[in-house]
């Protein structure tokens with residue numbers, strides 16, 4: 001999360017996840033997988049969400065604005081505990097962000 005003066009900015013974030021196959025199968029049978037993913041998408045309101053097989057598991061990538069780092073706790077803990085998911089979270093930049101950053105290097 002970045003700050004400029006007193007303004008607080010959300011940080012574009014990419015989350016990559018793999019759901020354990022056994023845990024995913026159990027959650028799929030009782031409808032909890034769909035409900036869990038729906039809750040996650042409602043909470044994050046991602047600008048992009050892609051789901052696909054990853055390393056033999058159900059997986060996906062979400063791109064969203066992280067307003068507060070403490071959001072990661074309420075997002076990742078249910079995925080770790082109920083889905084036994086592997087999760088990677090990383091800040092990300094758009095092409096415009098990259099150009100602005102490179103431009104500031106060139107002018108310094």
Subject >> Failed item, numbered, when residue 45 is tested on (1) under 13 Å from the mean Cα position of the chain (by Cα); (2) over 15 Å from residue 11 (Cα atoms) >> reply: (2)
**OP:** Among the numbered conditions (1) farther than 19 Å from residue 11 by Cα; (2) crowded, with 18+ Cβ neighbours inside 10 Å, tell me where residue 82 comes up short.
**Re:** (2)
Original post:
Of all residues in the stretch 85-102, how many are surrounded by 11 or more Cβ atoms within 10 Å (Cβ to Cβ) and closer than 25 Å to residue 28 by Cα?
Top reply: 4
Original post:
Counting only residues that are within 10 Å of residue 57 (Cα to Cα) and out of contact with any strand residue (DSSP E or B) (no Cβ under 8 Å at 6 or more places or on another chain), how many does the stretch 10-28 have?
Top reply: 1
Original post:
So which helices (runs of 4 or more DSSP H) are wholly in the stretch 1-88 and hold at least 3 residues that are in contact with a helix residue (DSSP H, G or I) (Cβ under 8 Å, 6 or more places away or on another chain) and free of Cβ contacts under 8 Å to residues at least 40 places away in the same chain?
Top reply: 32-44
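Computed from the coordinates by the stated procedures, all read-outs in this text should not be read as laboratory data. Computed from a predicted model, the values in this text were never measured in an experiment. All Cβ positions, glycine included, derive from the backbone under ideal geometry; neighbour counts span all protein chains shown.
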